[in-house]
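What follows is a set of notes on a single structure, which appears directly below.
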């Protein structure tokens, strides 16, 4: 058995590892999507009320973990000015502290898209 055959067995094993990770990422993403649906049911009515007095848009969806499966978590992405983002985040956390904690919901500000002058 040459060195080539010896090395090949390792690449096959690492391929298996990558297959397992890939399947786990898909499975975790699907569960986190389910959590996002539940969180939306709890939070959307309140967020819609807040939108009547604050200027923001939002979406609740899984945050990708850049390959780290433990970082794939439900996220409330808020498109707003920094001060509005902080205000909405604080109000949601204070009113729904248990939901935020139990669902492991995180908050991220989506930067406002630059206006294209034309």
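The numbers here are math on the coordinates, done by the rules we state, and not lab data. Remember, predicted model here, so these are calculated numbers, not experimental data. When we count neighbours, we look across all protein chains shown, and the Cβ atoms used for this are built from the backbone with ideal geometry, even at glycine.
Say we look at the range 63-104 and pick out the residues that are over 8 Å from the mean Cα position of the chain (by Cα) and part of a loop (DSSP other than H, G, I, E, B); which of these is surrounded by the fewest Cβ atoms within 10 Å (Cβ to Cβ)? The residue in question is 66.
Could you pull out the residue among 38, 50, 43 that is surrounded by 17 or more Cβ atoms within 10 Å (Cβ to Cβ) and within 21 Å of the chain's Cα centre (by Cα)? After ruling out the rest, the residue left standing is 43.
Condition check: surrounded by fewer than 17 Cβ atoms within 10 Å (Cβ to Cβ), in contact with a helix residue (DSSP H, G or I) (Cβ under 8 Å, 6 or more places away or on another chain) and either in contact (Cβ under 8 Å) with a residue 60 or more places away in the chain or under 29 Å from residue 23 (Cα atoms) (or both). Does residue 60 satisfy that? Steps first, answer last, please.
Working: surrounded by fewer than 17 Cβ atoms within 10 Å (Cβ to Cβ): no; in contact with a helix residue (DSSP H, G or I) (Cβ under 8 Å, 6 or more places away or on another chain): yes; either in contact (Cβ under 8 Å) with a residue 60 or more places away in the chain or under 29 Å from residue 23 (Cα atoms) (or both): yes.
Judged against the criteria, residue 60 is not a match.
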